[in-house]
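Undergrad: So that we are looking at the same thing, I have put the structure below in structure tokens.
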Amino acid sequence: MKTLTKLSAAAFVALMSTGQVALADGHSCTFEKDPFDFDQAEIDALYACVVDDLAAGYAAEGHEIGSVYRDWVPTATGPYNPGPHGERFLNTFVNEIGAEQYNQYAFGDELVMPVGSVLAKESYKLRDDGTPRLGPLFIMTKVEAGGDAEEFGNWVYSGVQPNGKNMGVKQSFCHNCHQAFADQDSMGYPDPSVRLSN
Ligand code: HEC
């Protein structure tokens, strides 16, 4: 009995020091599994852990996109296993102007998103201790042809940090990777397994 009490105390201390948090429904927000191997239930459980903090964080400083993107149109059923943005989980929303076009996930050299389309992608990952760490909101805004953004496919890349502050973004850094999707107007699209049926 005594041993048991000691063990529980030790477990409790360990729990506190890893910063483990539990949701209201009781499930833990510490994940001891390689995120690349997460199944759908684990992906959903992790998203439930961060869903409120993401939106609150991006909106914390009144950022014009960070404050409103959650009212936009989802582009997927939800996040998928970690992807190309720094091994983070990703979940993208699109504004009304771009929604109809984006959610067809179309391709072809003639595909061009309407001017004024904005894509906003939430991101988060797991720390080595298995707890979630919020990442930036990655943003792409389609602008008129003929300006400074022409060399970047008329996209302006930007971002919001999880504390709501603006993220400094080097256009060429983002576009050098996105231009690989040249026949999709430089958009990568969500993983096929989480695309919305249309
Ligand atoms: C190493 C390659 C790479 C780099 C660098 C990169 N991206 Fe992406 N990005 C992708 C891929 C692949 C996707 C599609 C995957 C997904 O959404 O699940 C994507 C998706 C996005 C989307 C959602 C729209 C779409 O379908 O393309 C936004 C917004 C975005 N990235 C913004 C940025 C910004 C801003 C930067 C620079 C800070 C950046 N990206 C840098 C590869 C990259």
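Read-outs: derived from the displayed coordinates by stated rules, not from any lab. Only a predicted model underlies this, so the values are computations on that prediction, with no experimental measurement involved. Heads up, the Cβs are rebuilt from the backbone with ideal geometry, glycines too, and the neighbour counts pull from every protein chain shown.
Undergrad: Show the residue pairs meeting these rules: Cβ distance below 6 Å; 6+ apart or different chains; first residue within the range 55-83 and free of Cβ contacts under 8 Å to residues at least 12 places away in the same chain; second residue of a type in the set (Asp, Glu).
TA: No pair meets every condition.
Undergrad: Here's a follow-up. If you take just the strands (runs of 3 or more DSSP E) that sit entirely in the range 88-198, which of them hold at least 2 residues that are among the small types (Gly, Ala, Ser) and crowded, with 19+ Cβ neighbours inside 10 Å? Don't jump to the end; show me each part of the working.
TA: Numbers: elements: 89-94, 118-126, 132-134, 137-142, 155-160.
The strands (runs of 3 or more DSSP E) meeting that bar are 118-126, 155-160.
Undergrad: Does residue 180 count as more than 24 Å from residue 71 (Cα to Cα), aliphatic (A, V, I, L, M) and near the ligand (Cβ under 9 Å from one of its atoms)? Spell out the reasoning first.
TA: On the way: more than 24 Å from residue 71 (Cα to Cα): yes; aliphatic (A, V, I, L, M): yes; near the ligand (Cβ under 9 Å from one of its atoms): yes.
The answer is yes for residue 180.
Undergrad: State yes or no: is residue 124 within 12 Å of the ligand (Cβ to nearest atom), in contact with a Leu (Cβ under 9 Å, 6 or more places away or on another chain) and closer than 15 Å to residue 36 by Cβ? Steps first, answer last, please.
TA: On the way: within 12 Å of the ligand (Cβ to nearest atom): no; in contact with a Leu (Cβ under 9 Å, 6 or more places away or on another chain): yes; closer than 15 Å to residue 36 by Cβ: yes.
For residue 124, the condition - within 12 Å of the ligand (Cβ to nearest atom), in contact with a Leu (Cβ under 9 Å, 6 or more places away or on another chain) and closer than 15 Å to residue 36 by Cβ - is not met.
Undergrad: Looking at the structure I just gave you, is residue 86 farther than 17 Å from residue 56 by Cα, more than 12 Å from the ligand (Cβ to nearest atom) and in contact (Cβ under 8 Å) with a residue 24 or more places away in the chain?
TA: Numbers: farther than 17 Å from residue 56 by Cα: yes; more than 12 Å from the ligand (Cβ to nearest atom): no; in contact (Cβ under 8 Å) with a residue 24 or more places away in the chain: yes.
No, not satisfied.
Undergrad: Closer than 18 Å to residue 158 by Cβ, in contact with a strand residue (DSSP E or B) (Cβ under 7 Å, 6 or more places away or on another chain) and away from the ligand (no atom under 16 Å from the Cβ) - does that describe any residue in the range 45-59? Please lay out each step first, then the result.
TA: Step one: list which residues in the range 45-59 are closer than 18 Å to residue 158 by Cβ, which gives 54-55, 57-59.
Of the ones still in play, those that are also in contact with a strand residue (DSSP E or B) (Cβ under 7 Å, 6 or more places away or on another chain) are 54, 57-58.
Next, only the ones that are away from the ligand (no atom under 16 Å from the Cβ) stay: 57.
The answer is yes, given that some residue of the range 45-59 is closer than 18 Å to residue 158 by Cβ, in contact with a strand residue (DSSP E or B) (Cβ under 7 Å, 6 or more places away or on another chain) and away from the ligand (no atom under 16 Å from the Cβ).
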